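Everything on this sheet refers to the single structure shown next.
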Amino acid sequence: TGTNYVLPGGLPARTLYDSHNNELIAAATRHPSLQVLDWNSASHAHPEWFAGDGIHLTQAGAFGLANFIKAALDAQPAIGRCRASRALTGSPDVAGQPAALPDTPTGFVPIEPVRVLDTRDPAAGGANGKLGAGRTVAIDVASELPDDAEAAVLSVTAVDSCLPGFLTVFACGGRPPTSNVNYEVGRTTAGMVITPMTDGEVCVFASSATDVVVDVMGAFTPGGSRFHPIAPTRWVDTRGATSQSVLSPEITGTRIAPAETQVMLRGVGGVPSGATAVWLNLTVADPSAATVLSAYPGPCGTAPLSSNVNARPQRSMASSVLVGLGPDGSVCVRTFSGRSDIVIDVAGWFGPGSGGLRYRPITPERLLDTRANGGVADAADHPLAIDGVAVLNVAAVDSTALGFVTVRPCGSSLLTSLVNTTTGEDTANVIAVAGDSAGNVCAKANVASHLVVDQVGAFS
């Protein structure tokens, strides 16, 4: 826990450690994210660095090894950029009262994704470097939204983070004690956020220095489409041989990038012919290389400049997506690199019809933190009382193994995954979920993990 990089070093072959070095090289072949530091090659021309036994270092060798390790660390993108960066985006965090929230019930309006911030790109508001630790940046999103928008739907991504941390996205004013995106060093992490605004602005706080990318994906307005939740339904699983049935079994086989997968939703399963948009949970599974998924209205064509899911090699990641349906009633999912499988679950649809629900944001409230009072990570069910259909941000913290987290009405046998866990790393996602007959939902990891659950809004 707390380890940001593992960079194993080879040993000098002069001491008969060829087999050790070969094992490291073979491991790097199996795990593309593993980088072996070739100390054998770096030291080969310097016999003076070693004592007579060929193992222990002389004083010159100690300096040589230290410089070798320093050069390797400086070459890591996040560490090198963090060391070089002096300018920082954002203003120091200031305590204050949370912004007043709109009380108007709203519905969803999808828009074509547009990038409103990329701290790496001067053309996208990024002239001042990374968002600094403990700093907040205000972003004007009003010009990209309908005039009567009460809340914005964003895809928020942390890139090249200097240390593990979290982003909080909120209506500018006093910052709530909650989080939206949890990130790690060396891991690009994206998450969907629904947030109200203050005078057309949203604020993003970073707990540790990181680059930040913000794409506007939609809005909630008084005249927008109402939400119709359905029991989480698996639409696509390209892995094929799973125990769970899918509604599009014809979509199977590993995606080989660049690949586009068209998924028909309108008029299928619980999504009626009048649906205008859907709430998806989009997962990339076991990618061979770092990759990005982007979902947009079908038919497939030119993918927008935006991301919904970012994943490292051999690490499954998931994110919720609100996306409009194309004229043909489909959504397209683009895979940008490597080989990977994709899993698509549908949590609800937007459009006309009886029983539709309106959205209201709330001041973010922490419902669960299993770390409190010395709590122990576990794989138990944690019941939570909610009203209506709650919009929850769910984080898995200090997980002990690869696994997943589910959030469902208590007593339900549904095991659709929401968050994919990784040993020692924090991951998060957002869900809209209804309670059981008593108004309770249960959050559960299938491996020992701490869980943190914040409510950010509700449909009613």
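Each reported figure results from applying straightforward, stated rules to the coordinates on display, with no laboratory input. Bear in mind that the values here come from a model prediction, so they are computed numbers and not experimental data. Virtual Cβ from ideal backbone geometry, glycine too; neighbours counted across all protein chains shown.
Note down the magnitude of the dipole of region 87-224 about its Cα centre, charges +1 on Lys and Arg C-beta and -1 on Asp and Glu C-beta and zero elsewhere, to the nearest 20 debye.
Working: 6 positive and 16 negative charges, 110 e Å.
In total the dipole reaches around 520 debye.
Calculate for the chain the 222 nm mean residue ellipticity that helices alone would give, adding -39,500 (n - 2.57) per DSSP H run of length 4 or more and normalising by residue count, nearest 500 deg cm²/dmol.
Numbers: 4 runs with 43 residues, N = 460.
Rounded to the nearest 500, the figure is -3000 deg cm²/dmol.
Which residues' amide hydrogens lie under 5 Å from the amide hydrogen of residue 114, considering only partners 5 or more residues apart or on another chain, with H built in the peptide plane?
Residues meeting the amide H criterion: 216.
I need 450, 382 ordered by Cβ neighbour count within 10 Å, fewest first.
On the way: 450 21, 382 17.
By the 10 Å Cβ count, ascending, the order reads 382, 450.
Test of understanding: ordering 378, 345 by Cβ neighbours within 10 Å, fewest first, what list do you get? Working shown, then result.
Details: 378 16, 345 23.
Fewest-to-most ranking of 378, 345: 378, 345.
Roughly how big is region 359-460's charge dipole about its Cα centre, with Cβ charges of +1 (Lys, Arg) and -1 (Asp, Glu), in debye to the nearest 20? Don't skip to the answer; put the middle values down first.
Numbers: 5 positive and 10 negative charges, 36 e Å.
For this selection, approximately 180 debye.
How far apart, in nanometres, would the label points at residue 100 and residue 55 be if each is projected 7 angstrom from Cα along the Cα-to-Cβ direction?
Reported label-point gap for residue 100 and residue 55 is 7.4 nm.
Enter the angle in degrees (range 0 to 90, nearest 10) between the Cα long axis of helix 18-30 and the first principal axis of the Cα atoms of the chain, meaning the one along which they spread out most.
Approximately 20 degrees, to the nearest ten.
Spin-label point model (7 Å from Cα, Cβ direction): what's the residue 354 to residue 124 distance in nm?
Modelled inter-label distance: 4.6 nm.
Arranged by the count of other C-beta atoms within 10 angstrom, fewest first, what order do 404, 63 take? Please report the intermediate quantities before stating the final value.
Values: 404 22, 63 12.
Final ranking by Cβ density, sparse to dense: 63, 404.
For residue 369 and residue 337 in one chain, what is 0.36 nm times their gap in residues minus the Cα-Cα distance, to one decimal in nm? Don't skip to the end; give the middle numbers.
Details: separation 32, 0.36 × 32 = 11.52 nm, distance 3.57 nm.
Full extension from residue 369 to residue 337 adds 7.9 nm.
Note down, for the chain, the three equivalent ellipsoid semi-axes (square root of 5 times each alpha carbon gyration tensor eigenvalue), biggest first, whole angstrom. Spell out each step's value before the answer.
Numbers: eigenvalues 337, 128, 92 Å².
They are 41, 25, 21 Å, listed from largest to smallest.
Taking the chain as the reference, fit the longest principal axis to its C-alpha atoms, fit the long axis of helix 59-75 to the helix C-alpha atoms, and give the angle between the two in degrees, 0 to 90, nearest 10.
Between the helix axis and the principal axis of the chain, the angle is about 20 degrees.
Along the charge dipole of region 359-460, Cβ charges K/R +1 and D/E -1, which of 435, 452, 396 sits furthest on the positive end?
The Cα lying farthest towards the positive end belongs to 435.
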